[in-house]
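First the structure, in the form of structure tokens, and then the observations on it.
The values are calculated or read from the model by the stated rules, or taken from the named source; none is laboratory data. What you see is a predicted model, and the numbers here were worked out from it, not measured in a lab. So basically every Cβ, Gly included, is an ideal-geometry build from the backbone, and we count neighbours across all protein chains shown.
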Amino acid sequence: MPMPADDIIALIKAGIPDADITMTDLAGDNDHWQALVVSESFRGKLRVAQHQMVYAALGDKMGGELHALALETRTPD
């Protein structure tokens, strides 16, 4: 079952409240997503740690309902 963008955004925001999130449906099927997550809380962290923060926020949805997520993380300019 596909996972809507609003659900993904809500999960990430619950774990990273200051996140600014842009979702892109890569295949037009609500099942293959690209997420750009911008957060001050990423500052000073390696990219792998930033991604781990997002995956932690997604919890058990990652690899289950949400199986295709291209992830890009940044700090605000």
Check: Looking at region 1-38, which of its residues are touching a strand residue (DSSP E or B) at 6+ places or on another chain (Cβ under 9 Å), closer than 15 Å to Ala68 by Cα and of a type in the set (D, E, K, R)?
Finding: Asp7, Asp25, Asp31
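Could you list all residues from region 49-67 that are among the aliphatic types (A, V, I, L, M), in contact (Cβ under 8 Å) with a residue 12 or more places away in the chain and surrounded by 14 or more Cβ atoms within 10 Å (Cβ to Cβ)? Please lay out each step first, then the result.
Going through region 49-67, the residues among the aliphatic types (A, V, I, L, M) turn out to be 49, 53-54, 56-58, 62, 66.
From what is left, the residues that are in contact (Cβ under 8 Å) with a residue 12 or more places away in the chain are 53-54, 56-58, 66.
Result: Met53, Val54, Ala57, Leu58, Leu66.
Do we have Val38 as under 16 Å from Pro17 (Cα atoms), β-branched (Val, Ile, Thr), modelled with pLDDT of 95 or more and within 8 Å of the chain's Cα centre (by Cα) here?
On the way: under 16 Å from Pro17 (Cα atoms): yes; β-branched (Val, Ile, Thr): yes; modelled with pLDDT of 95 or more: yes; within 8 Å of the chain's Cα centre (by Cα): no.
Answer is no for this residue.
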Checklist line | Members of region 13-29 that are under 18 Å from Met3 (Cβ atoms) and modelled with pLDDT of 95 or more | finding: Lys13, Ala14, Gly15, Ile16, Ala19, Ile21, Thr22, Met23, Thr24
Check: Residues in region 12-21: is at least one crowded, with 17+ Cβ neighbours inside 10 Å and in a strand (DSSP E or B)?
Finding: yes
Check: What are the residues in region 23-39 that are surrounded by fewer than 16 Cβ atoms within 10 Å (Cβ to Cβ) and either among the β-branched types (Val, Ile, Thr) or not in a loop (DSSP other than H, G, I, E, B) (or both), if any?
Finding: Thr24, Asp25, Gln34, Leu36
Checklist line | Qualifying positions in region 44-77 - charged (D, E, K, R), at pLDDT below 95 and outside any loop (DSSP other than H, G, I, E, B) | finding: Asp60, Lys61
Next item on the list: Output the qualifying pairs, or none if there are none: Cβ atoms under 6 angstrom, residues six or more apart or on different chains, first residue in region 30-48 and farther than 26 Å from Asp6 by Cβ, second residue at pLDDT 95 or above.
Entry: Arg43/Thr75
